[in-house]
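Notes to accompany the following structure.
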Amino acid sequence: PTSMYRVQENVLQRVLQLPVVSSTCESLQRTYSSTKEAHPLMASVCEVYERGVQGAGALAMWGMEPVVRRLEPQFAVANDLACRGLDHLEEKIPALQYPVDK
């Protein structure tokens, strides 16, 4: 990819799209969901936790917004470097392209 395109890439999105990562996340999500379904008490605890995390995340993002705007150029440079490092890892470690079970 060209340098111009790379700035628009998000390294976190790229990592989450790697088959080894996405299959692990899907497996964890299935386990979490089945545990909530099987144990009603656990489900209520998890729902309280999920609401708390969402509220805390929204508050943190609101408080960080001015800082993020000022640091956006530095984030773009860090993201570009991380994407280049990920390119290198994907070339050197082909297993990243396979789901966990393979």
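From the Cα gyration tensor of the chain, with a ≥ b ≥ c the square roots of its eigenvalues, which class applies: rounded if a/c is under 1.5, or else prolate if a/b is larger than b/c, or else oblate? Oblate, because a/c is 1.5 or more while a/b does not exceed b/c.
Distant-in-sequence amide contacts of residue 100, defined by a placed amide H-H separation under 5 Å and a gap of 5 or more residues or a different chain, comprise 23, 24.
This model, with +1 at the C-beta of Lys and Arg and -1 at the C-beta of Asp and Glu, gives the chain a dipole about its Cα centre of some 100 debye. For the chain, take the longest principal axis of its alpha carbons; what is the angle in degrees between that and the long axis of helix 40-92, to the nearest 10 within 0 to 90? That helix lies at roughly 10 degrees to the long axis. Residue 89 contributes an accessible area of around 80 Å² to the protein surface, as traced by a 1.4 Å probe with all chains present. Helical runs (DSSP H, four residues minimum) scored at -39500 (n - 2.57) apiece and divided by the length of the chain put the mean residue ellipticity at 222 nm at -29500 deg cm²/dmol.
The values are calculated or read from the model by the stated rules, or taken from the named source; none is laboratory data. Because the structure is a prediction, the values reported are computed rather than measured. Glycine also receives a Cβ, built like all others from the backbone with ideal geometry; neighbour counts cover every protein chain displayed. Ligands, DNA and RNA are excluded from the accessible area calculation, which covers all protein heavy atoms including side chains. Shrake-Rupley method; radii C 1.70, N 1.55, O 1.52, S 1.80 Å.
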